[in-house]
Amino acid sequence: MDLWFNERNTDTCNLSIKIKNAIYSEKTPFQKIDFYESYDFGIFFTLDGMMMVNEKDEFIYHDMIVHVPMAVNPNIKNVLVIGGGDGGTVRELTRYSNIELIHMVEIDERVVRLCQRYLPQTSSKLEDERVSLFFEDGVKFVKDKKNIYDLILVDSTDPIGPGEGLFTTEFYRDCHRSLNENGILINQHESPYFEEYRVEMLKSHEKLKRIFNICQVYQFHMPTYSSGHWLFGFASKNLHPIRDHKAEEWEKTGLDTRYYNSKIHKGAFALPTYVKDLLESV
Ligand code: SAM
């Protein structure tokens, strides 16, 4: 029997992946978690039917969420990751010896435990001694923090269900206050292509622009996310992603990366005209 995973992108467009096995399924108080084994993407997991992470293309997302800000401020020491239960973002952060502390706040402990069981490729560094795990709502976690972090990475689901609060003005304000004077916030910024995602992209950009001095968006190619064209937001108090890009310093780290490099860093901020126009319209 043919088994296919289908993710709705629009009412008339699906992402469809043929699977070898349905490995595991569980409903938690927050969301439904499913693990599958596929032919083209290896093991992957979904939350409420949406592709999160797979063995084949996860390096793209995790390279771009971590190495871009690290090449702008190579002195980052204290990092907060919100969401990111698969551990891929933390894995990339632990490659930097100058990072001293990583707080990861994930609302759903089951995502972490199941990724530790089925996706060691991303979760293997969650036990690094610099990492502290907090199983709580990221929205609440940042409420009482002030001037603590050099970098906040919002590695979240889409703005429905538990991820909704991570796209609000109040949350962005709390992040701004939790960052120190050179602080950088990177957030999962949705996609410009299909209407439903585009609306969320614009809302997020509009809110961030009201709060942060510097507010840019950068793109990457993610084969298994809706339309394959995805964005991160780069918001900061002082540091500009291109003017303050320290390519030579980053290259001296000698880190071996499969997607990120210094040319991609610059190129990722060069947006297609329709995306630039959309962002400038808010
Ligand atoms: N890189 C993938 C992506 O962007 O689709 C995966 C992101 S990671 C799996 C998203 C995580 O955010 C999920 O594990 C989810 O439980 C967590 N999450 C959602 N809302 C949250 C909240 N309010 N506080 C903390 N974590 C949250």
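Every read-out reported here was derived from the displayed coordinates using simple, explicitly stated rules and does not represent laboratory data. Please read all numbers here as calculations on a predicted model, not as lab measurements. As a convention, Cβ positions derive from the backbone with ideal geometry for all residues, glycine included, and neighbour counts pool all protein chains shown.
Worth pointing out:
- For region 212-257: relative contact order, % (alpha-carbon pairs under 8 angstrom, 6 or more apart): 36
- Expected-Rg normalisation [2.2 N^0.38 Å, Cα atoms] applied to region 111-198: 1.23
- Diffusion constant of region 58-280 at 37 °C, which comes from Stokes-Einstein with the Kirkwood Cα-pair radius and 0.692 mPa s, µm²/s: 190
- Length-normalised contact order for region 3-54 - Cα pairs under 8 Å, 6+ apart - percent: 25
- Radius 9 Å from Cβ of Glu100, net charge of other residues (Lys, Arg +1; Asp, Glu -1): +2
- Couplings 3J(HN,Hα) for region 76-86, derived from phi with the Karplus relation 6.51 cos²θ - 1.76 cosθ + 1.60 (θ = phi - 60°), are 4, 10, 10, 10, 10, 10, 10, x, x, x, 6 Hz, where x marks Gly and Pro.
- Rounded to the nearest 20 debye, the dipole magnitude of region 3-54 is 80 debye, with +1 charges on Lys and Arg beta carbons, -1 on Asp and Glu beta carbons, and the Cα centre as origin.
- Relative pair counts by distance (%), Cα atoms of region 26-155, 10 Å bins: 13, 44, 33, 9, 0
- Ordering Pro29, Asn6, Val105 by the projection of their Cα atoms onto the charge dipole of the chain, which places +1 on the Cβ of Lys and Arg and -1 on the Cβ of Asp and Glu, puts Val105 at the extreme positive end.
- Cut-off 13 Å between beta-carbons: net charge of the residues surrounding Ser281, Lys and Arg +1, Asp and Glu -1: +1
- For region 121-239, a crude dipole built from +1 on the beta carbon of Lys and Arg and -1 on the beta carbon of Asp and Glu, taken about the Cα centre, is about 500 debye to the nearest 20.
- Couplings 3J(HN,Hα) for region 58-74, derived from phi with the Karplus relation 6.51 cos²θ - 1.76 cosθ + 1.60 (θ = phi - 60°), are 4, 4, 5, 4, 6, 4, 6, 6, 9, 6, 4, x, 5, 8, 8, 10, x Hz, where x marks Gly and Pro.
- Each residue of region 197-209 was assigned a 3J(HN,Hα) from its phi angle through the Karplus expression (A = 6.51, B = -1.76, C = 1.60, θ = phi - 60°), giving 6, 4, 4, 5, 4, 5, 4, 4, 5, 4, 5, 5, 4 Hz with x at Gly and Pro.
- Think of it as helices only: each DSSP H run of n ≥ 4 in the chain is worth -39500 (n - 2.57), and spread over all residues that comes to -8500 deg cm²/dmol at 222 nm.
- All C-alpha pair distances within region 3-54, sorted into 5 Å bins from zero, spread as 5, 21, 31, 23, 15, 5, 0 percent across the bins.
- Check: the chain dipole with +1 on Lys, Arg Cβ and -1 on Asp, Glu Cβ, in debye: 640
- Taking amide hydrogens as placed 1.01 Å from N in the peptide plane, the amide H of Leu151 sits under 5 Å from those of Asn78, Leu80, Ile184, each at least 5 positions away in sequence or on another chain.
- Measuring against 25 Å, Cα to Cα, the residue pairs Lys32/Lys56; Lys203/Lys246; Lys56/Lys145 contain Lys203/Lys246; Lys56/Lys145 as the ones spanning a longer distance.
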